Amino acid sequence: MMRYNRRNRSNILDCVVLKPIMPKLKTRKAAAKRFRATGSGKIVRRKAFKNHLLEHKSSKKKRDLSKMPVVNECDAENVRMMLPYL
């Protein structure tokens, strides 16, 4: 199915110009909630094991789990495909 961009810019004639436009790419919303990009373009994620059962974990362990690690480069390609506008 071809989509067209409609424009009506003529004051003299009421003509509609139809131009084909590229389809939009969809973002995977589940991935959008889990990953974000740094200023240099790297993708960062959140670490696991920081949701609950935190009483027995040390403060140092909880601090380290709070840091945002960079996604591994072999996984970064898959993440970029899920987030085309990242």
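The values are calculated or read from the model by the stated rules, or taken from the named source; none is laboratory data. Being a predicted model, the structure only gives us computed values, none of them experimental. All Cβ positions, even for glycine, are placed from backbone atoms using ideal geometry, and neighbour counts span all protein chains on display.
Residue-wise test of (1) basic (K, R); (2) modelled with pLDDT of 95 or more; (3) more than 26 Å from the chain's Cα centre (by Cα).
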| residue | (1), (2), (3) |
| --- | --- |
| S10 | no, no, yes |
| L18 | no, no, yes |
| M22 | no, no, no |
| E55 | no, yes, yes |
| K61 | yes, yes, yes |
| M68 | no, yes, no |
statement: Restricted to segment 64-86 and to residues being in contact (Cβ under 8 Å) with a residue 24 or more places away in the chain and not in a loop (DSSP other than H, G, I, E, B), the residue surrounded by the most Cβ atoms within 10 Å (Cβ to Cβ) is V79
task: Give the residues of segment 40-63 that are surrounded by 13 or more Cβ atoms within 10 Å (Cβ to Cβ) and in contact (Cβ under 8 Å) with a residue 12 or more places away in the chain, sorted by residue number.
output: I43, V44, R45, R46, K50
field: Matching residues in segment 17-39 - criterion: being in contact with a Lys or Arg (Cβ under 9 Å, 6 or more places away or on another chain), assigned to a loop (DSSP other than H, G, I, E, B) and touching a residue at least 24 places away in the same chain (Cβ under 8 Å)
entry: none
